[in-house]
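The values are calculated or read from the model by the stated rules, or taken from the named source; none is laboratory data. Computed from a predicted model, the values in this text were never measured in an experiment. Every residue, glycine among them, receives a Cβ derived from its backbone with ideal geometry; neighbour counts consider all protein chains shown. Ligands, DNA and RNA are excluded from the accessible area calculation, which covers all protein heavy atoms including side chains. Shrake-Rupley method; radii C 1.70, N 1.55, O 1.52, S 1.80 Å.
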Amino acid sequence: MQEYKQMSEYNEGQIYKEHYSVVVIGGGPAGLGAGFEAKKNGADSVLIIERDIVLGGILNQCIHAGFGLHEFKQELTGPEYAERFISFVSAEDIDIMLNSTVINLSEDRKVTVVGPSGLKIIQADAVVLAMGCRERTAGAIALKGYRPSGVFSAGMAQRLMNIDGYCVGKEVVIYGSGDIGLIMARRMALEGAKVKAVVEIMPFSSGLRRNIAQCLEDYDIPLYLSHNISAVHGKDRVTGVTISQIDSSFKEIEGTQKEFSCDTVLLSVGLIPENELSLKAGVPLNKITSGAIVDSTMQTELEGVFACGNVLHVHDIVDFVTRESRVAGKNAALFSKGLLNKQKSEIKTAPKKGVRYILPNKILTQNPDGAGLFMRVDAIYNNAKIRVSSGDKVLKEKRMKQMIPSEMINIPLKFDDLKDLTEDITAEVVLNG
Ligand SMILES: Cc1cc2nc3c(=O)[nH]c(=O)nc-3n(C[C@H](O)[C@H](O)[C@H](O)COP(=O)(O)OP(=O)(O)OC[C@H]3O[C@@H](n4cnc5c(N)ncnc54)[C@H](O)[C@@H]3O)c2cc1C
């Protein structure tokens, strides 16, 4: 494990300051990337605050391979990917507060943090929000039945298994086919558990295609699309579930019920960006992504506050988190030095037919070195194109064999693409084009 400055150093006040040029909230891949880039781009002082006792965020529990294919052209495990960024950050003069939770952020960028040494208020010239996201729970989806033990969110089960060393069950049904659910189906199978079914309400999986192949098909784990868990059985401990086929309006179809006995149900039913702090500070959020509204510098609508990673929108791969974090970190540094372009001629982005959302929400035409456009489609499209336009002018087209909602699409934009534009930038799916 990489050595970095220990909490005790900060508690003794040797390093801790009351004012920093850039404060990064969250020490996952987004926060590490942003902190590193802020320092590289001239921020006088950078502080990363992390509530866990180690840096790395969710990557620490993702012990499977599949990280870093874009960034490092290598297939790394989550901890290996995190380790690279921890070493980058450790090599710089960047302060780190571990075991410390930010409990408030004010409009004028005062960061209130609680840790082993008590409560501190730190003034930041610029703040980067990098708090990641949390899992939806049984309550959030109104799971039917009593509340027996044996119902876990998939990420919690992953942490219990991969970090704390507990096996959470022997006979498992997984609800939701998001990536965490798929990865956990394989993980449980590798531990000798019988994974009886993955149940998905949508007619398509919400996980990456490679995870369907590598985590379900390779282990003969059945995926029930357009099905729900209509009841969880058991009072003290889960004893089984009933699943039902559902129609296009999510109504259960009579006579399609199936019973599975099991002692464990894992929920992989969605992630929610952790934006409570952003809301307290008055950062406006986007209804579809549940993350901040940002421009191409990753600045939110609250001046001097930037956002990147899963707190901005839920990502499929960490490489895109890193790409975004670079833009946020660099521009936070420029802001702290009064150098961020204050150009007002921004162009909005707007999703059109087939596209659920586009980020950033606004493009500053003189600041084109962003991470490009990130978008997700709203359904599965085969042999179709994504067309990015401004009015009648087509800026980019990307043909894809298949587009699915679970996979983010990244379209780079350059200054030459943007100059002289006056109309909104839109993205749409073009069929048979
Ligand atoms: C099960 C699973 C499998 C995955 N598999 C892959 C894969 O194979 N390949 C791939 O590329 N990607 C994968 N990903 C996606 C990738 O791991 C995430 O996109 C990435 O980790 C998100 O980074 P982040 O920094 O935004 O969030 P996180 O990693 O969640 O980090 C956020 C950090 O902020 C801290 N924090 C939150 N609130 C506060 C606060 N108030 N004060 C202080 N600290 C705070 C948290 O403790 C956390 O450490 C997977 C994700 C999961 C969950």
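The figures follow:
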quantity	calculated
Restricting segment 206-233 to residues that are in contact (Cβ under 8 Å) with a residue 60 or more places away in the chain and open to solvent by 20 Å² or more (accessible area, probe 1.4 Å), the residue that is nearest to ALA65 (Cα to Cα)	ARG210
Filtered residue count, segment 312-330, keeping only those that are in contact with a helix residue (DSSP H, G or I) (Cβ under 7 Å, 6 or more places away or on another chain) and either near the ligand (Cβ under 6 Å from one of its atoms) or small (Gly, Ala, Ser) (or both)	6
Residues (surrounded by 14 or more Cβ atoms within 10 Å (Cβ to Cβ) and more than 16 Å from the ligand (Cβ to nearest atom)) located in segment 262-283	CYS262, ASP263, THR264, VAL265
Residue under evaluation ILE180, criteria (1) open to solvent by less than 30 Å² (accessible area, probe 1.4 Å); (2) hydrophobic (A, V, I, L, M, F, W, C); (3) under 30 Å from ILE49 (Cβ atoms), criterion not met	(1)
All positions within segment 34-65 that are open to solvent by less than 10 Å² (accessible area, probe 1.4 Å) and either of a type outside the set (Val, Ile, Thr) or within 11 Å of the ligand (Cβ to nearest atom) (or both)	ALA34, GLY35, ALA38, ALA43, LEU47, ILE48, ILE49, LEU55, GLY56, LEU59
Flag if GLU397 is open to solvent by 30 Å² or more (accessible area, probe 1.4 Å), assigned to a loop (DSSP other than H, G, I, E, B) and of a type outside the set (Phe, Trp, Tyr)	no
Pick from segment 149-172, criterion open to solvent by 40 Å² or more (accessible area, probe 1.4 Å) and within 12 Å of the ligand (Cβ to nearest atom), ranking: farthest from THR264 (Cα to Cα)	ARG159
Residue in segment 195-205 that is farthest from ILE174 (Cα to Cα), counting only those that are touching a residue at least 40 places away in the same chain (Cβ under 8 Å) and more than 24 Å from the chain's Cα centre (by Cα)	LYS196
For SER406: the one exception among (1) open to solvent by less than 20 Å² (accessible area, probe 1.4 Å); (2) assigned to a strand (DSSP E or B)	(2)
Within segment 66-76, considering residues that are assigned to a loop (DSSP other than H, G, I, E, B) and touching a Gly at 6+ places or on another chain (Cβ under 9 Å), the one nearest to the ligand (Cβ to nearest atom)	GLU75
Top-ranked residue of segment 33-82 - restricted to ones that are within 17 Å of the chain's Cα centre (by Cα) and among the small types (Gly, Ala, Ser), ranked as farthest from PHE335 (Cα to Cα)	GLY66
Search result, residues across segment 109-145 that are at pLDDT 95 or above, outside any strand (DSSP E or B) and among the small types (Gly, Ala, Ser)	ALA130, GLY132
Search result, residues across segment 217-233 that are at positive phi and in contact with a strand residue (DSSP E or B) (Cβ under 7 Å, 6 or more places away or on another chain)	SER226
Of residues in segment 415-433 being open to solvent by 50 Å² or more (accessible area, probe 1.4 Å) and farther than 30 Å from ILE380 by Cβ, the one modelled with the lowest pLDDT	PHE415
For GLY132: the one exception among (1) open to solvent by 40 Å² or more (accessible area, probe 1.4 Å); (2) at positive phi; (3) under 18 Å from the mean Cα position of the chain (by Cα)	(1)
